[in-house]
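These notes are about the structure you will find just below.
The values are calculated or read from the model by the stated rules, or taken from the named source; none is laboratory data. No experiment lies behind these values; they were computed from the predicted model shown. Note that we place each Cβ from the backbone using ideal geometry, even for glycine, and neighbour counts take in every protein chain shown. Surface accessibility is based on the protein's heavy atoms, side chains included, excluding ligands, DNA and RNA. Shrake-Rupley method; radii C 1.70, N 1.55, O 1.52, S 1.80 Å.
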Amino acid sequence: MGLFGVLPFLLVSCITFLLILIRRRDATKGKLPPGPTPLPLLGNLLQLDVRNIIKSFQKLQEQYGSVFTVYMGSRPIVVLCGYGTIKEALIDNAETFGGRGLIVSVDEAIRDYGVATTNGERWRQLRRFSLKTLRNLGMGKRSIEERIQEEAQFLVEALRKTEGHPFDPTIHLSHAVSNVICSVVFGQRFEYEDKQFVFLLEVINKCFWELLSTSSQMKNFFPRLMRILPGPHQKMPKYVKELINFVSQRVQIHRESFDPNCPRDFIDCFLAKMEQEKENPTSEFHNENLDVTVLHLFFAGTESVNTTLRYGLLILLRYPEIEAKVQEEIDRVIGRNRSPSLEDRSQMPFTDAVIHEIQRFIDLSPVPPPRSVTCDTHFRGFSIPKGTAVVPFLSSSLHDPQHFETPRKFNPRHFLDERGSFKNNEAFLPFSAGKRVCLGEGLARTELFLFFTAVLQNFHLESLQKREEIDISPDVRGSSKLPRPYNLCVVPR
Ligand code: HEM
Ligand SMILES: *[C@@H]1O[C@H](CO)[C@@H](O)[C@H](O)[C@H]1NC(C)=O
C-alpha cells in the first residue's frame, strides 16, 4: 500500500476506534436520554443548524420526545421539552437541577465570579444578597419603582422630541433600560448624551452582536479550538476588560463617599456587606464578586427588557385594536394626569394580559443558558451523571399546545378568563423556573409595565406600513429571537 492507501485506512480505523470509545463511555455511565448519534469530536454539529438551534431542537423534540441528548462537540447536553417535563425537573427536583452549566460564550474573565455563572456557596451567598437588595431592603430612600418611573418620563420626553416623524425606537429604548440598571447599581442615571454612558452602551452593544455571531455559537462546540482560532470572537476579552474597568472606577468613587448608614444603591449595599464580613476569610463579598456581579446584572438586565419593549411596540403596531383597548384601560384606571404606578396593574387585567402575551409570543430566551445537575440523578427512566449540562427548552413550554389555545398566534386571551379577569398560566415560563429562575424577574416585570403604560398613556403609535404587511415573526439568530428592524411614529394623544 502506498501513502495514499494508508491514509484513508488510518482515518477510518481512528474514527471507528473513537466511536467505540464513545459508546463504551456511555455504557459505563448509564443511559442518557436518546438523541442523534454523535460523531467523535464534532458531536451533533452536522445534525444541528448552528444558526437556528431553536428549529433544530423542535425537530429533535418531534423525533425523540420530551427528553433528548445532543452533543456539542464532545459535551452531552440534555434538553427538556414541554411544560410538564420542565416543571418535573426544575421545580419538583429543584435542588438537583439547580446547578449552572458552563456558559461557553461568556468570557472566562467573568465566569468564575458573580451571581449568574457560579455554583455552590459562592452562588448561594451572592444570589441571596442580590435578591434581597433588589427587593429594596436597605436601598436607601428611593425605591426601584420610583427610579423606573423617573426613567419612563425621560423616555416619554425623548419620544416627544421626535415630533411625529418616523424613527427607529432602538436607541431610545436601549438608553432607558440601561439607565434603570445604572440607577439601581450606580445610584445615578445618565443623560442620554453623556460620553461615559454612550461609551458603556457601545461596548455592551459590541458584546451583544458578538454573542449572536456564528463564531460565538461555534464556541459551544469547540471551546478550546475557538480559543486559539482568529476571528471576531477574539475581541470579547478586550470588551470585558473595558467593562470591568468602568465598573471598578465607579466602585472606587462609591468608596470615597460611602456612608454605611445610608446605602444609595447596589454597590453601596455590597460595600456594607464587605465591611460586615471583613473578619471572615472565606467571605464571598470581595471586589471580584462585586465587579462581576454588577456586569452580570448589566448583561442579563438590559438586552432582555430592551428587546421585549421594542418587539412589543412592533406587535402593537400590527394590532391597533389591542393598542386602543390598552389605552382605554389606561384612561379609565390611571387617567392622563399622573404617572402609572405598579399599584395600577392589579386593576388593569387587559394590559397585564397583553404584556404577558408579548413575553410569551416573542419567546425571548427560547434556549436559556444551561443548567447542570448537582448529583447523579434518574429522570424519566434515564440516568444523568452529576455535572451534565441540562437545557430547559423554554420555547416548548411557551408554545405548549396543551396549555395555550393558539400557541403560534398572538392572543391576549391566553391570559384572560371569560369575565375579562387576568388568568395566570402555569406554562408561562419566560423567566424559567426553580432555583435559578431569573433573578431580575420582579424588576423586569415592573419595567415592562411602567414603560409600556407610560408610552401608551402619552402617545398613539403609527406605522408607516399597512398593518397586514407588518412582519412580527422573529429574526432568529443562533439561540435568540429579535424583532425585525422597523420605524414608527409616535403621535401625542
Ligand atoms: C424580560 C426580561 C427578562 C427575561 C425574559 C429574563 C430571562 C431570564 C432567564 C430565562 C434566565 C435563566 C434562568 C435559568 O437558568 O433557568 C435568567 C437568568 C438571570 N437573569 Fe433574567 N431575564 C430578564 C430580565 C432580567 C433583569 C432585568 C435582570 C437584572 C436584574 C436579570 C438578571 C438575571 C440574572 C442575574 C440571572 C442569573 C440567575 C442565576 O443564575 O441565579 N434578568 N433571566
Ligand atoms: C438594545 O437592542 C439593540 C438592538 O438589538 C442593541 O443594538 C443594543 O445594544 C441594545 N442595548 C442594550 C443596552 O442592551
> With no solvent and one point on each alpha carbon, what is the Debye value of log10 I(q)/I(0) for segment 58-153 at q = 0.11, 0.13, 0.21 Å⁻¹?
Replying inline: -0.57, -0.74, -1.12
> How would Phe221, Phe422 rank on accessible area, largest to smallest, probe 1.4 Å?
Replying inline: Phe422, Phe221
>> For segment 268-336 and segment 98-172, what is the centre-to-centre distance using only Cα atoms, to the nearest Å?
In response: 4
> Quick one: if you stick a label point 7 Å off each Cα along the C-beta vector at Glu242 and Ser215, how many nm between them?
Replying inline: 1.6
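What is the percent of Cα-Cα separations in segment 387-493 that go past 19 Å?
Values: 3694 of 5671 pairs.
Summing the P(r) of segment 387-493 above 19 Å gives 65 percent of all pairs.
If I compute solvent accessible area with a 1.4 Å probe over the protein chains, what percent of it on the chain is carbon and sulfur?
Values: 12760 of 23180 Å².
That fraction is 55 percent.
Could you give the accessible area per residue of the chain, probe 1.4 Å, as a whole number in Å²?
Numbers: 23180 Å² over 493 residues.
Counting only protein heavy atoms, the per-residue value for the chain is 47 Å².
How much of the calculated P(r) for the chain lies past 40 Å, in percent of all Cα pairs? Don't jump to the answer; show the numbers that get you there.
Working: 30354 of 121278 pairs.
Percent of Cα pairs beyond 40 Å in the chain: 25.
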> About its Cα centre, what dipole magnitude does segment 312-441 give when the only charges are +1 on Lys and Arg Cβ and -1 on Asp and Glu Cβ, stated in debye to the nearest 20?
Replying inline: 400
> Along the charge dipole of segment 31-492, which of Leu464, Ala433, Gly99 sits closest to the positive end, that is, farthest toward it, with unit charges on the beta carbon of Lys, Arg, Asp and Glu (+1, +1, -1, -1)?
Replying inline: Gly99
>> Just to be sure I understand the rule: take each whole DSSP H helix in the chain, project its Cα atoms onto its long axis, keep it if the span is 27 Å or more and its mean Kyte-Doolittle hydropathy is at least 0.0. Which ones pass?
In response: 3-29, 287-318
> Length gain on complete extension for the stretch Glu193 to Glu462, per 0.36 nm per residue less the alpha carbon to alpha carbon distance?
Replying inline: 94.2 nm
> Once fully extended, how much extra length lies between Arg408 and Gln234, figured as 0.36 nm per residue of separation less the alpha-carbon to alpha-carbon distance?
Replying inline: 58.8 nm
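For segment 31-492, give the magnitude of the charge dipole about the Cα centre (Cβ charges: +1 Lys/Arg, -1 Asp/Glu; no others), in debye to the nearest 20. Provide the component values of the computation, followed by the final result.
On the way: 57 positive and 56 negative charges, 241 e Å.
It works out to roughly 1160 debye.
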